[in-house]
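Rule-based calculations on the coordinates, nothing more; no lab input. The structure displayed is predicted, hence computed values, not measured ones. Cβ sites come from the backbone with ideal geometry, for glycine too, and all protein chains shown count toward neighbours.
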There are 2 protein chains.
Amino acid sequence: MPTVRSALIIGSVAIDRVATPFAQSDRILGGAATYAAIAASYFAPTRLVGVVGSDFPPAFIRRLRRHGIDLAGLQTDTTGRTFYWSGRYREHFEGRDTLEVQLNVFEKFSPVLPDAYRDTPFVMLGNIQPSLQNHVIDQLAGKRKPFILADTFDLWIHTARPELDRLLKRLDLFVINEEESLLMTGERNLVLAGRHLRRMGPRTVVIKKGGHGSLLFHADGYFAVSAYPVTKLVDPTGAGDSYAGAMIGYLASVNRTDFAAMKKAVAYATAVSSLTVESFSVDRLSGAGRKAIDARYRELVKITRF
Amino acid sequence: MPTVRSALIIGSVAIDRVATPFAQSDRILGGAATYAAIAASYFAPTRLVGVVGSDFPPAFIRRLRRHGIDLAGLQTDTTGRTFYWSGRYREHFEGRDTLEVQLNVFEKFSPVLPDAYRDTPFVMLGNIQPSLQNHVIDQLAGKRKPFILADTFDLWIHTARPELDRLLKRLDLFVINEEESLLMTGERNLVLAGRHLRRMGPRTVVIKKGGHGSLLFHADGYFAVSAYPVTKLVDPTGAGDSYAGAMIGYLASVNRTDFAAMKKAVAYATAVSSLTVESFSVDRLSGAGRKAIDARYRELVKITRF
C-alpha cells in the first residue's frame, strides 16, 4: 500500500445562487476550494485555506467537517460577509452569465498557510489571482519539493498574464478548460494547445472538455478520456473544481505523479465531476460516497475499453 | 480466422471543389460512396453502386480500381455530367457553406443492384434520399438477412422524415453526427439522443462528434471512444463517410456484429477518418495503406487505456 499524503487546497469558499434553465437554487454552499476539498477528501487527508465572513452558515462548516477536512486554514473574517456569486446558465447550458458578484471578505484575502501546512506535498491552487497563487507557493517549505496543481480562468488570462506566466513555470500540473486553453495559446487545435501550454512551464497539462471528456499531456505521453455519460445535468457549477480536487487527492493518496498515476487521476476526476453536476451545490458530490465514485470509475474503464 | 464477407456501398460519387481557410482544391474526387468504399476496401472485398457522368476522369476510376473495388455497380450515364459539389469551410472549420451543387446525372439516379450484389451480407447506404435507401433494401435477396448500416444528413431529416422513419426500422446500424442526432430526436443530451434513436428502430446507433470522438449505443452496452489526436486538419470532407465505410468493412472482415466487434469497428473507423481529414479528397485515405491504419488503431488503444 502506498503512503497516503495530505492534499492542500487554496481558493474561494462562497455562497452561491444559481439559476439553470430548469430551476433556481437558494443561497447554497459554493466556491472552488469547497468543491475541490470535498472531492480531494475522498482520497486523502485534506487541508483547506480560504476565508469566509460573518454570515457563513454553521451548516456549511459542518458539511466540510463531515468530510474530515482540516479547516485550520479557513479564516473567518468577522468584519464582512462571505464571497457571494450569483449566475444564470443559458438555455441548453450553453454558457452562463454572472448576475452578481460581491467579493466581500474575499476582496482582501491573502492566503496565509498555517505552519503545519507548509510542508504539504500535494497542493492545489484554485483559480484565485495568479499573484496570490504565487504567494502561496512562496510559503511552501517542505523538505521535499511539493507537487503543485493550479487552475485559472479567463479573467486572469486577460488581466494578469505576466503573473500567470510566472506561475506556469512553477507548476507541475496545470488544469484548464477547452476555451481557456485556446485563449491562452492562440492555437485552434486542442492537441497543439496542450503541447503549447507544456512549453510554457508545467510538466503536465490537462484540458477539460466538459461533456466531451478530457485530454492529458505528460512528458511520457498523451491520454484522452471520454466523459462519464451523464444524463441528468442539474448544475455544472463546481465540475471543474471538483475535477481538479479529485486529481490532487488521488495523486496524494498514491503518492505518485508518473504517467500511469496521472491517467488514473484523470479518470477519477472524470467520475467525481460527473457526480458534482447532478445536483445544485455539493449535495451530490458530498452525498455520493467513495463507493459511488469507484463504481463510476469502473464504469469508465468498461465503456472506454475495446 | 473469420470468413471475410463482402461489403456493398451505395451512394454518391462526385467531383468536388473545396475551399478551406487555408487552401483551395482543384476539381477533386469526392462523394460519400467514394470515401466509404475506399475505407471499406482496406478490410473486405468491396462493391460500389453509384453513378457518374461523361466527364468523370479515368484517373478517378483507376483510383477506385487500385483499391480492388468492384465497380460492376458503378453506372456511367453518358447523357450528363457527374454530380458536382463545391463548398467552403468557415474560419476554424466551424461549419461549412455549400457554394454550388449540380446534381447532374445524380438527379435521376435510382440504384439498381447487379444480381451478383443482391446477397451481399454487409451493406452501407450512404446519405442518399431515404426512399432510395429503402429501394436498395428492397432489392437485397440473400439467404442470410443482411446487416444494414445507413447514414443520413439534415436535409432528409427536414424534408423526408416519414421515409427516414421507415428506413430506421429496417436498419441494424445507424451512423449519425452529433447535431443531426439532436435534431432528429429533439433531445439536448447525446446519451439520451442515442437511446432515443435506438427506440426508433436501429439495433445499434453511433453518434460521431468529430474532434471529440464518438459514442456507440448497442443492445449490450454503451461505448465511448476519443478522437485520434489530429494536428494537421486539411479538409474534413468525407470524414464521416470514410468512418461509416471503415465500420462496414471491418464488420464484414470479421463477419461479426456483436458488441465487441462493434467497438473495434468504431475504433478502426476513428483511425481511418483521422487519415481522411489530413488531405483534400481521398489522397491521404487512399495513400495511407493498411499499416498506417493499424498503427493509428494501436495508438488509439494506447492513448485511451488506463
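Points worth noting:
- Within chain A, all pairs of alpha-carbon atoms sorted by distance into 20 Å bins from zero give the percentages 36, 61, 3.
- 28 Å Cα-Cα reach of A:Lys108 towards lysines, excluding residues that sit fewer than 8 places from it in its own chain: A:Lys169
- By the Kirkwood approach, averaging reciprocal distances over each pair of separate Cα atoms, region B:259-306 gets a hydrodynamic radius of 11.1 Å.
- The ranking of A:Leu275, B:Leu48 from fewest to most other beta carbons within 10 Å of each one's beta carbon is A:Leu275, B:Leu48.
- Region B:146-226: proportion of alpha-carbon pairs further apart than 17 angstrom, %: 38 percent
- In region A:1-80, chymotrypsin sites (Phe, Trp or Tyr not before Pro) in a DSSP loop with at most 12 other beta-carbon atoms within 10 Å: A:Phe22
- Candidate aspartates and glutamates - alpha carbon under 20 Å from B:Lys302, same-chain residues fewer than 8 apart omitted: A:Asp220, A:Asp258, A:Glu299, B:Asp294
- Rg to Rh quotient for the protein assembly as shown, alpha carbon positions, Kirkwood Rh: 1.04
- Relative contact order (%) - region B:141-208, alpha-carbon pairs under 8 angstrom, separation at least six: 34 percent
- Residue exposure proxy: B:Thr231, B:Thr46, B:Thr152, ordered by other Cβ atoms within 10 angstrom of their Cβ from fewest to most, comes out as B:Thr231, B:Thr152, B:Thr46.
- Label-point separation, A:Lys291 to B:Ser54 (7 Å along Cα→Cβ), nm: 7.7 nm
- Exposed loop sites here mean GluC sites (Glu not before Pro) with a DSSP loop assignment and at most 11 other beta-carbon atoms within 10 Å; chain B contains its longest site-free run at B:108-306.
- Once exposed loop trypsin sites (Lys or Arg not before Pro) are cut out (DSSP; at most 13 other Cβ, 10 Å), longest piece of chain B: B:1-89
- 37 °C / 0.692 mPa s Stokes-Einstein diffusion coefficient of region A:1-95, Kirkwood radius on C-alpha pairs, µm²/s: 229 µm²/s
- For A:Arg170, inter-copy label distances in nm, listed shortest first [label point 7 Å out on the Cα-Cβ vector]: 6.7
- Each Lys and Arg adds +1 at its Cβ and each Asp and Glu adds -1 at its Cβ; summed about the Cα centre, region B:8-125 shows a dipole of about 260 debye.
- Sequence-distant residues sharing a close amide H with A:Val234 (under 5 Å, placed H): A:Glu278, A:Ser279
- Close amide-amide hydrogen proximity is noted between B:Gly30 and B:Ala14, B:Ile15, B:Asp16, each under 5 Å apart and 5 or more residues distant or on a separate chain (H modeled in the peptide plane; Pro and chain starts excluded).
- Ordered by the count of other Cβ atoms within 10 Å of each Cβ, fewest first, B:Met200, B:Met247 give B:Met200, B:Met247.
- Extents of region B:112-168, taken as max minus min of Cα coordinates on every principal axis and listed largest first, are 35, 18, 15 Å.
- Gain upon complete extension [B:His92, B:Asp115; 0.36 nm per residue less C-alpha separation]: 3.7 nm
- Chymotrypsin sites (Phe, Trp or Tyr not before Pro) within region A:199-236, DSSP loop, no more than 13 other Cβ atoms inside 10 Å: none
- Here is how far apart the B:Thr159 label points are across copies: 5.1 nm, shortest first, using a point 7 Å from Cα toward Cβ.
- For A:Gln24, the distances from its label point to the matching points in the remaining copies are 5.5 nm, ordered from shortest, with each point set 7 Å beyond Cα toward Cβ.
- Axis-nearest residue of A (beta carbon) for the A-onto-B rotation, whole Å: A:His212, 2
- Taking a Cβ cut-off of under 11 Å around B:Arg17, the surrounding Lys, Arg, Asp and Glu residues balance to a net charge of -1, with basic ones at +1 and acidic ones at -1.
- Rg then Dmax, both in Å and based on the Cα atoms of region B:205-294: 12.6, 37.
- Computed per residue of chain A from DSSP H runs no shorter than four, each worth -39500 (n - 2.57), the mean residue ellipticity at 222 nm is -12000 deg cm²/dmol.
- Taking amide H as placed 1.01 Å from N in the peptide plane, A:Phe56 has its amide H under 5 Å from the amide H of A:Thr82, each at least 5 places away in sequence or on another chain.
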